[in-house]
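Colleague: Structure in structure tokens, see below.
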Amino acid sequence: MMSKLNKPKRGTTDSLPLDFATKGPADPAGPAPVSMSAVVSELEKFCVALTADLTAEFQNSFASFKASIDAIQTTVTSHGHRIDSLEHSADDTGDRVRELEASCVSLAADNKAIKEKLSDLENRSRRQNLQIIGLPEGFESLHF
């Protein structure tokens, strides 16, 4: 009798891919003899079928992984652009802060100088506003 290829299903405990014809349960002699070339032929067919199935599954799995990796790569690229933009903004803001600090120091020095000058002018103005009591007005015009 001729054997045929039975594909084992996932999760089953089939250990042999071949279904050999037997003489029956009451026959003590066991299964019918099968030629070695028939067994080799069936094993080769099984290997080819298994290789094709595994190739298809690997391709499906790799396609799924590739799609996931592409999505991650897109996200990483997007985040990279955003980070670059934020770094540029931070650099610009840092430059502006340094300029404002320098301006503040300069303005503080100018303010101090102006306050000192104002104080000096107020003191000089007070010295010129002396009132002398007891001398008649117009006394400056008299010549001694």
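The values are calculated or read from the model by the stated rules, or taken from the named source; none is laboratory data. Bear in mind the structure is a predicted one, so any value in this text is a computation, not a measurement. Cβ sites come from the backbone with ideal geometry, for glycine too, and all protein chains shown count toward neighbours.
Colleague: Residue pairs, Cβ under 7 Å, 6 or more apart or interchain, first in region 87-101 and without any contact (Cβ under 8 Å) to a residue 40 or more places away in the chain, second exposed (fewer than 10 other Cβ atoms within 10 Å of the Cβ) and part of a helix (DSSP H, G or I). List them.
Modeller: No pair meets every condition.
Colleague: Just to be sure before I move on: is LYS112 at pLDDT below 95, assigned to a helix (DSSP H, G or I) and of a type in the set (Lys, Arg) in the structure I sent?
Modeller: No.
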